[in-house]
Amino acid sequence: ENMAADPNKIILTGENPFIRLSPTGAEPFTTNASFWRIITCPAGPGHVLYLKSERTEDRWRIYSDNIAMARWLQQTVQGMLNPETADLSIPVDDAAFSKSGDPRYFWTETVITNDGEVALTWYDIGEPLLIHTSPGEGGRQYGVCTLLSPARGARLTVDGVQAAGKPIPIQREGRPFSTCALAFSESWTEAR
């Protein structure tokens, strides 16, 4: 068997589920949440949630248990994915993280902060896509190999109050997808 290894440098591996909600069924999103559980990266392991919603007064909030990792992501992959989150003047609040569920049916990430509790839940999970790109492809500095499972249902609450909007059904690679997805196996690369 010829199993080709990716020739690029692996800069992080972990999980990056996301929730993007819209009350109108189209952009702009009223809630945009990027959650990371990092197993390894140059700034160590940990968790971080980048969140902007009407539940955060439409301002970006960052919650993490590893501020070095949160800042490193802002300057690399997360900042590339959403340039608004690259702003290092956004404060990083300490938080504790837990998870529950069965990803075949539903998944919940819970973030306990000094301000209260944020909960992200994905459900009505569709068939996963395996995406593999190289650095430079599609105009992106970094490459990625990720397993994306679209969620037709998703909810985000802050202190028990649900954010407005719902996931938008979209197509990706000609297959049904969503603006909300689980990404349980995600590795990002850069050119050597």
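The values are calculated or read from the model by the stated rules, or taken from the named source; none is laboratory data. Worth saying up front: this structure is predicted, and the values here are computed from it rather than measured. Note that each Cβ is placed from the backbone with ideal geometry, even for glycine, and that neighbours are counted across all protein chains shown. In case anyone asks, the SASA skips ligands and DNA or RNA and just uses the protein heavy atoms, side chains included. Shrake-Rupley method; radii C 1.70, N 1.55, O 1.52, S 1.80 Å.
General remarks:
- The set of residues in segment 176-192 being open to solvent by 20 Å² or more (accessible area, probe 1.4 Å) and touching a strand residue (DSSP E or B) at 6+ places or on another chain (Cβ under 6 Å) consists of F184, S185, S187, E190, R192.
- Selected residue (only one of G116, G101, G44 is under 21 Å from A181 (Cβ atoms) and among the small types (G, A, S)): G101
- All told, S98 falls short of being in a loop (DSSP other than H, G, I, E, B), more than 15 Å from the chain's Cα centre (by Cα) and of a type outside the set (D, E, K, R).
- The listed residues are V111, V118, V92, V77, and the only one of them that is farther than 23 Å from V161 by Cα and surrounded by 15 or more Cβ atoms within 10 Å (Cβ to Cβ) turns out to be V77.
- Of the residues making up segment 63-73, those that are within 18 Å of E190 (Cβ to Cβ) and either in contact with a strand residue (DSSP E or B) (Cβ under 8 Å, 6 or more places away or on another chain) or loosely packed, with under 14 Cβ neighbours inside 10 Å (or both) are M69, R71, L73.
- Residue that is nearest to the chain's Cα centre (by Cα), among those in segment 17-67 that are among the acidic types (D, E) and modelled with pLDDT of 95 or more: D65
- Considering residues of segment 20-53 that are among the charged types (D, E, K, R) and open to solvent by less than 70 Å² (accessible area, probe 1.4 Å) only, the residue farthest from W122 (Cα to Cα): K52
- Considering residues of segment 1-19 that are open to solvent by 90 Å² or more (accessible area, probe 1.4 Å) and assigned to a strand (DSSP E or B) only, the residue nearest to S185 (Cα to Cα): I10
- Residue count, segment 138-175 (criterion: open to solvent by 70 Å² or more (accessible area, probe 1.4 Å) and either of a type in the set (D, E, K, R) or in a loop (DSSP other than H, G, I, E, B) (or both)): 9
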